[in-house]
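The values are calculated or read from the model by the stated rules, or taken from the named source; none is laboratory data. Everything numeric here is computed off the predicted structure, so don't read it as measured data. All Cβ positions, glycine included, derive from the backbone under ideal geometry; neighbour counts span all protein chains shown. Quick note on the areas: whole protein, heavy atoms, side chains included, nothing else; ligands and nucleic acids left out. Shrake-Rupley method; radii C 1.70, N 1.55, O 1.52, S 1.80 Å.
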Amino acid sequence: MTRCSDGDNHGVTFPSLTRRPKKKFEKHVSFPPDEEIVSGFAEHKDTSTVDSLTLAEVIEAYKRSCDKHQVEPNAKILEQLEQAICLNGRSRCLDLKGERLDSHSCEALEVILKSLSFDFINLQATELEENAVSSLLDMILYYESTTHLDISDNPGMGISGWKALSHLIKQSVCLCRLDVCNMALLQYPVQALSSALLSSRLTRLHLQSTQLSGRPLFTLVGSLKGNRTLQELYLSNNGLNREQDSMQIGDLLKYNRIIHKLDLSDNTISDSGLEDICDGLQTDGLKVLILCNNQITPNGLVHLAKVLPVLNTLETLNLGDNELQNRGVQTLREALIMNRSLLHLGLQHTYITCEGAVALAEFLAESRHIQRLDVRENEVRTGGLMAFSLALRINQSLTTLDLDHDAKPEPYPRRSWPLGPTGRCFGWRRVWGALVESVGRRSRGPGQSGTGRPRVQSALRSRPTGVMEHITIVHIQPGAPETHHNTGRGPNGTLLPSGSKVVHYCGNGTPLPDTWNP
């Protein structure tokens with residue numbers, strides 16, 4: 001502090017006004033070399049002349065492009081362009097499957113991608129190398145050439161190719177479906193794909209046979225947890241196991257409710273893996289779950305039975321090619337009855353016999369929603385078919401019942417079957433009559449009567465639309481010694497088409513054209 005004289009400052013004390021020197025900061029501005037200032041550019045896409053090109057003009061332009069790049073015009077491409085139907089510059093498909101495409105061939109394709117857009121571009125097994133696939137994918141992105149791209153079976157894409165594919169997935173506005181199958185998605189490929197899925201517009205992704213088990217699946221699921229556009233995911237035949245992989249799938253279902261369809265067929269999920277998946281299932285979200293050929297046994301269905309009654313959006317469940325046996329079907333029966341959303345149930349080749357068919361018939365009798373039941377490739381014999389016929393008299397929602405074309409021979413001695421007037425067994429005739437009667441009774445309106453096939457047809461014509469549009473009915477092959485079979489008629493005078501074991505009836509009561517003849 002300093003004190004001034006009284007005369008000058010009247011005795012007022014002021015702080016020291018000593019100034020501190022300021023530090024000077026030097027600013028520097030630097031620019032990269034001239035050749036590095038511009039990192040990229042995009043040309044203006046001139047569409048004024050593209051729309052006016054005819055297919056003939058596109059073909060001529062492609063031939064000129066091939067001459068320019070010193071390659072022969074691809075005969076398969078020329079054939080497709082000549083036969084194509086183009087509407088507003090858009091064609092259905094450009095199929096290059098199996099055609100070897102080098103870098104020059106890809107450059108020659110630019111005039112086609114510039115002039116036309118396609119619903120589907122198939123590049124499967126085209127032996128694409130790193131430079132070729134990079135340039136081709138850049139063209140598809142720039143011209144927005146397709147909504148569905150199949151680039152499967154191209155293991156030589158390299159780092160540049162995967163970078164180009166990742167950029168296409170991120171930036172494309174039109175691309176909705178991508179097939180990347182039969183290639184190993186290890187290390188960089190799965191990292192590039194997963195990074196692109198964070199901001200893609202894809203709604204359908206096929207990754208069959210891509211060796212995703214383990215770390216690759218962990219990387220993929222990490223990205224898909226935050227994805228809000230993908231609706232269908234196909235992961236069949238990836239060796240997904242019951243240990244870490246099933247836990248990743250369960251986490252995916254827990255955090256992502258946008259995925260509506262999940263195909264896990266041909267893996268080794270097994271019973272413990274199914275438990276992890278069931279823990280991740282939410283009350284709403286998933287609509288289609290395919291678990292075919294996953295080594296699932298009746299023990300694993302206990303976990304599915306716990307969550308099935310509370311799933312409000314699940315419409316399709318396919319458990320085919322698993323050894324479920326009758327015990328597994330009985331485990332699921334009550335859960336199936338309690339569920340109110342399931343429309344399609346697949347149980348083909350699940351080692352079901354008549355006992356399991358009876359349990360399914362009880363489910364059919366109670367269900368008001370099921371529309372299709374597939375029990376092909378099972379040992380369902382006369383007793384099971386009779387149970388189905390009785391259930392169909394009550395059920396009003398089933399439109400398709402898939403049964404085997406070939407009738408399974410009964411394991412019992414013929415003398416144990418009911419005998420007809422001629423002394424011969426008529427178990428299959430009874431089944432046929434019961435099935436036809438069940439269709440007729442559930443289809444007839446009040447006051448309708450009559451017998452034979454014309455009655456069933458007229459009944460099907462008169463029943464409300466949407467009920468029993470298609471049913472598969474199994475009956476014995478004509479030509480047996482019984483009188484009814486020799487006359488071409490079944491029980492109650494029902495006509496049996498000659499040479500048929502299966503008759504498909506559609507809504508108007510006429511047999512469908514795919515009637516099977518031995």
Residue-ordered couplings for the range 88-103, obtained by feeding phi - 60° into the Karplus form 6.51 cos²θ - 1.76 cosθ + 1.60 and rounding to whole Hz (Gly and Pro as x), are 6, x, 10, 10, 6, 8, 10, 9, 10, 4, x, 8, 6, 10, 8, 5
From the backbone phi of the range 372-387, what are the Karplus-calculated ³J(HN,Hα) couplings (6.51 cos²θ - 1.76 cosθ + 1.60, θ = phi - 60°) in whole Hz, Gly and Pro given as x? 9, 10, 10, 10, 5, 6, 10, 8, 8, 10, 4, x, x, 5, 5, 4
For Asp402, what residues show an amide H to amide H distance below 5 Å, using hydrogens built from the backbone and excluding near sequence neighbours? Leu373, Asp374, Val375
Potential extension, Arg368-His104 segment - 0.36 nm per residue separation minus Cα distance: 89.0 nm
Label point distance in nm, Ile159-Glu243, each placed 7 Å from Cα along Cα→Cβ: 3.1
So, R0 is 45 Å and r is the distance between the beta-carbons of Glu79 and Glu334; what FRET efficiency does that work out to, to 0.05? 0.20
So with the 1.4 Å probe, I'd like the accessible area per residue for the range 241-374, rounded to whole Å². 40
Could you tell me which GluC sites (Glu not before Pro) in the range 229-276 are loop residues by DSSP with no more than 16 other beta carbons within 10 angstrom of their beta carbon? Glu243
Net lengthening on full extension, Gln70/Gln282 (0.36 nm per residue, minus Cα-Cα): 70.6 nm
